[in-house]
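Right, one structure below, let's go through it.
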Amino acid sequence: MTSAVATRVRARPKGPRIGRVLKPVVFVILLAPAVWLVFALVTDRIDGDVVKILEINTGELALRSLMYTLAISPLRQITGWAWLATWRRMLGLFVFFYATMHMLIYFGLDLELRFGEIWTSIVKRPYITIGMLSWLILVPLAITSPNAMAKKLGGVKWKRLHQLTYVVAVTATTHYLWAVKKDTFWPVVYFGLFAVLLGLRAVRWRRGRSLPHAA
Amino acid sequence: MLIRNRIEPPSSEITPEIDYLNRRQFLGVVGSIGAISATGALAEAVLGGLHPVGAQQGDEVTDEEKVTSYNNYYEFGTDKEDPKANSQQFRPRPWSVKIEGMAKKTGDMPLDDFLKPSRVEDRTYRFRCVEAWSAVIPWRGIPLADVIRRADPLPSAKYIELTTLYDPAQMPGQRRATIQWPYIEGLRLDEALNPLAFLATGMYGKTMRNQNGAPLRLVVPWKYGFKNIKAIVKIKFTDRPANTTWMKAAADEYGFYANVNPTVDHPRWSQARERKLGDILRTPTLMFNGYETQVASMYSGMDLRRNF
């Protein structure tokens, strides 16, 4: 059984043309905010608390990318567009990219690499603790994202490991909720969206278990 | 996206043109305030306002564009760019201010009558947000002490409580219960009488912008920004401290005094350093935001860690 899944991982379909053509477009769309932020920063177009604005933007981009990533499978099942699966790794790596930027901006620019403060923030401030945890969970997922790593790990293990994405959806949104001062509107919206995306999986998983042919 | 393009208006047009009082003129003004004895401490107090303390850190007046486009003013929305975007229809006139409570001269007064007896002053103050960003802002307005004295508080009055306008039709942020409306702030009477305490009607030599608290806002530069209540409609004299909006929202994070204090952290971040709007690197935060000589005596003997 393990080998069967592994084979499937190895033989991951490149997908039809539409997926291949659109993939670079999606890549550019997802990278564009980062390019804009760097451009705005160097050309002094950011009014206000510059570092905080960079922090908030990269954090939101990470959460948004995570939502896109988790939307792929349900969307594929609903539409039947199997080629959507070929975007999943790219989207997942964008989550890691923006989360890493977010963390580096916080430690590097906001706390200015003052290690005492970094340590204090991680151990004393729950929203940082859970944010840090979210990033740490993403690390092995990013490392095991190449096909070769997936092959080495074996399909079942790889899949189980990457189900940690669901955990990150909860921890990262909790980080967001605890970070905001008073207006919890957007964190609650993200919780709702993630609940739907994870709920769809739960429903499918339960159905799959109850159906005899799935055994 | 929080980033807004800054092409219009061009910065050449928005560069503030302010006639700063020079030191000599200013000392004349101080001398003319007969009500309070013009001691050296007072001169220093107000001069401290004109020349922000901590000039060695390179204090410069912050770009007007930054101060008018990055605001905390939940009445117009919780994002920093919301106040500018959502306050343009707000009508700061006609306006009246109500004096209430333990004072002899209470009642409603049109804003112009409320302001008229006082000499309009320009004061450049450091501004420190509880979120650890800061600015240096040239305000225009009148001393709060003038208003307090005119109201003639009763001996029983120990505090003032200030209230912002509640008008969800004009203030779209009030249509959601993000914080409890209306916004309430308070000061101890001696704090309100401190020469630094100021009621601003303008900034950068112009009439106050809606997003900055038009037509009338408080400026207490030794306290965190949220104490500086905007669009004031009521000043009430009381014998107990107000249960302020942010205390009601999160009593463990925001206290009644809210004095700038680099040694007492906010539960979620350090207050030791601040970032001036537009800067990347932080600068150290000063005790009482640099106004220690003018205000510290009001808090002698108090545990500032408990009374944060």
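The values are calculated or read from the model by the stated rules, or taken from the named source; none is laboratory data. Values in this document were obtained by computation on a predicted structure and should not be read as measured data. Here the Cβ is made from the backbone with ideal geometry for all residues, glycine too, and neighbour counts use every protein chain on show. Remember, those area values only see protein heavy atoms, side chains included, never the ligands or the DNA or RNA. Shrake-Rupley method; radii C 1.70, N 1.55, O 1.52, S 1.80 Å.
Of the listed requirements (1) in contact (Cβ under 8 Å) with a residue 24 or more places away in the chain; (2) open to solvent by less than 10 Å² (accessible area, probe 1.4 Å); (3) within 22 Å of residue A:187 (Cα to Cα), residue A:106 misses just one: (2).
Facing another protein chain (nearest Cβ under 10 Å) and either open to solvent by less than 20 Å² (accessible area, probe 1.4 Å) or part of a helix (DSSP H, G or I) (or both): is that true of residue A:120 in this structure? Yes: the conditions hold for residue A:120.
Within the range A:153-187, if we keep just the residues that are of a type in the set (Val, Ile, Thr) and farther than 30 Å from residue B:80 by Cβ, the residue that is most open to solvent (accessible area, probe 1.4 Å) turns out to be A:167.
If you go through the range B:118-163 and keep only what is in contact with a His (Cβ under 9 Å, 6 or more places away or on another chain) and either part of a loop (DSSP other than H, G, I, E, B) or open to solvent by 30 Å² or more (accessible area, probe 1.4 Å) (or both), you end up with B:130, B:131, B:132. Going through (1) closer than 21 Å to residue A:92 by Cα; (2) within 14 Å of chain B (Cβ to nearest Cβ) one by one, residue A:188 falls short only on (1).
The test for being at pLDDT 95 or above, within 14 Å of chain A (Cβ to nearest Cβ) and open to solvent by 10 Å² or more (accessible area, probe 1.4 Å) holds for residue B:273. Could you tell me whether residue B:232 is within 14 Å of chain A (Cβ to nearest Cβ) and of a type in the set (A, V, I, L, M, F, W, C)? Taking the combined requirement at face value, the residue does not satisfy it. Taken over the range A:49-63, residues that are touching a Gly at 6+ places or on another chain (Cβ under 9 Å) and either part of a helix (DSSP H, G or I) or surrounded by fewer than 23 Cβ atoms within 10 Å (Cβ to Cβ) (or both) amount to 2.
The rows are residues; the columns are (1) surrounded by fewer than 24 Cβ atoms within 10 Å (Cβ to Cβ); (2) within 14 Å of chain A (Cβ to nearest Cβ); (3) touching a Pro at 6+ places or on another chain (Cβ under 8 Å).
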| residue | (1), (2), (3) |
| --- | --- |
| B:176 | yes, yes, no |
| B:180 | yes, yes, no |
| B:183 | no, yes, no |
| B:189 | yes, no, yes |
| B:194 | yes, no, no |
| B:201 | yes, no, yes |
| B:205 | yes, no, yes |
| B:220 | no, no, no |
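In the range B:237-244, is there at least one residue being farther than 19 Å from residue B:158 by Cβ and either in contact with a Lys or Arg (Cβ under 6 Å, 6 or more places away or on another chain) or more than 14 Å from chain A (Cβ to nearest Cβ) (or both)? No - not one qualifying residue is present in the range B:237-244. You will find that of A:41, A:22, the residue that is within 14 Å of another protein chain (Cβ to nearest Cβ) and at pLDDT below 95 is A:41 and no other.
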